[in-house]
Amino acid sequence: MIHFVLLIVCAVAIYLSCEWFVNAVEWLGERLNVGKMAVGTILAAFGTALPESVVTLVAVTTGATDEAKDIGVGAAMGGPLALATVAYGVTGAMLLLKRRKERIAVLAETGMAPTYPEAEDALGSAADMKRLAKDQKWFLPIFIVKVALGLVAFTFKPVLGLLFFAAYAVYFWREIRGGDDGDDEEGPELEPLKFQPKAASPATWAVVAQTLVTLVVIFFASQLFVKQLDAIGPMLGLSAAVTALLLSPIATELPEIMNAVIWVRQGKTKLALANISGAMMIQATVPSGLGLLFTRWHFDAALLWSGLITMAAIVYLLLTMRARKLTPARLAVAAGFYVVFALGLIPILS
């Protein structure tokens, strides 16, 4: 029972700290004078992905055996899978829920439902779709190379890990220099900083302090959350392999999912989507580079299956974005790829 209680407490702690974190990181972006989308793709994504990257670093550098180090390889593959499927799916579901509430509110006030079809209203203009697709186009080829390297062995393969760090450096520079891509509208104005709620313009030290404190809480709450899942899995009759491949990736990406939920609730959908795509770029490069440098980077059937499902989900999202038909309902469908992954694991692990 204590594990279930701690699981709920950790989930609440992660949500509340993420709410304070997104509040701080928006002010941090304003202080650093970076574009609004870079707040999601770089600042928020880097902050929430840093704890997982540290865990991967510890696993691949201090593991006593190849099997122990391979835990880091699993994390490097599980993160992008959870983001490309569950995180996008949850965002789509939250958008559907939000629009349903708006529709009910308008109906109650005017007696008439909104004119746009709830499940068919596209997420933004052609420029928005192009901006969203750009991140996926960066991610997909890097991820394909990442998976391909897990299927082959050659002497200088570890050195290629440096190329993944370089790829993220180029992406980072592009996002920081890219501004807002001509987009000046992204929902409501900045809310007052939680640390200084009465200040119209909070002190820089308060912004930095709130960012760092919330990151520390997110890090430790996330790690405790994962440990509770590891304990609860066997209690529910799940094997260690199933817990590691199915539940742990979702748990480690919980901060990104919570950020997306909070930004959707605040009417900042583009920031929510940018946070996920930015976190995916980090997960596709930094942990992969560490894995290549310090492990065999050899994939078994389960890891290969996770890579194929991740690529399928991204291709699906890219096609809908290029056709300008990405809607909340179609975004929610992305979560279905995780269900396919779970079902495909049954014969692999049996």
If you check residue 332 against the conditions, is it within 15 Å of residue 86 (Cα to Cα) and surrounded by 15 or more Cβ atoms within 10 Å (Cβ to Cβ)? yes
Condition met for residue 348 (modelled with pLDDT of 90 or more and part of a helix (DSSP H, G or I)): no
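To keep it simple, each residue is scored yes or no on (1) part of a helix (DSSP H, G or I); (2) in contact (Cβ under 8 Å) with a residue 12 or more places away in the chain; (3) polar (S, T, N, Q).
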{"residue": "264", "(1), (2), (3)": "yes, yes, no"}
{"residue": "285", "(1), (2), (3)": "yes, yes, yes"}
{"residue": "299", "(1), (2), (3)": "no, yes, no"}
{"residue": "304", "(1), (2), (3)": "yes, yes, no"}
{"residue": "311", "(1), (2), (3)": "yes, yes, no"}
{"residue": "314", "(1), (2), (3)": "yes, yes, no"}
{"residue": "337", "(1), (2), (3)": "yes, yes, no"}
{"residue": "340", "(1), (2), (3)": "yes, yes, no"}
Look through 330, 324 and report the one residue that is in a helix (DSSP H, G or I) and within 28 Å of residue 97 (Cβ to Cβ). 330
Of residues in region 308-324 being touching a Leu at 6+ places or on another chain (Cβ under 9 Å), modelled with pLDDT of 95 or more and not β-branched (Val, Ile, Thr), the one farthest from residue 151 (Cα to Cα): 313
Test: residue in region 175-187 that is among the basic types (Lys, Arg) and modelled with pLDDT of 90 or more: no
Residue in region 16-31 that is surrounded by fewer than 23 Cβ atoms within 10 Å (Cβ to Cβ), in contact (Cβ under 8 Å) with a residue 24 or more places away in the chain and among the β-branched types (Val, Ile, Thr) present: no
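The values are calculated or read from the model by the stated rules, or taken from the named source; none is laboratory data. Keep in mind that this is a model prediction, so the values were computed, not measured. Quick reminder, even Gly has a Cβ in these numbers, built from the backbone with ideal geometry, and neighbours come from all protein chains shown.
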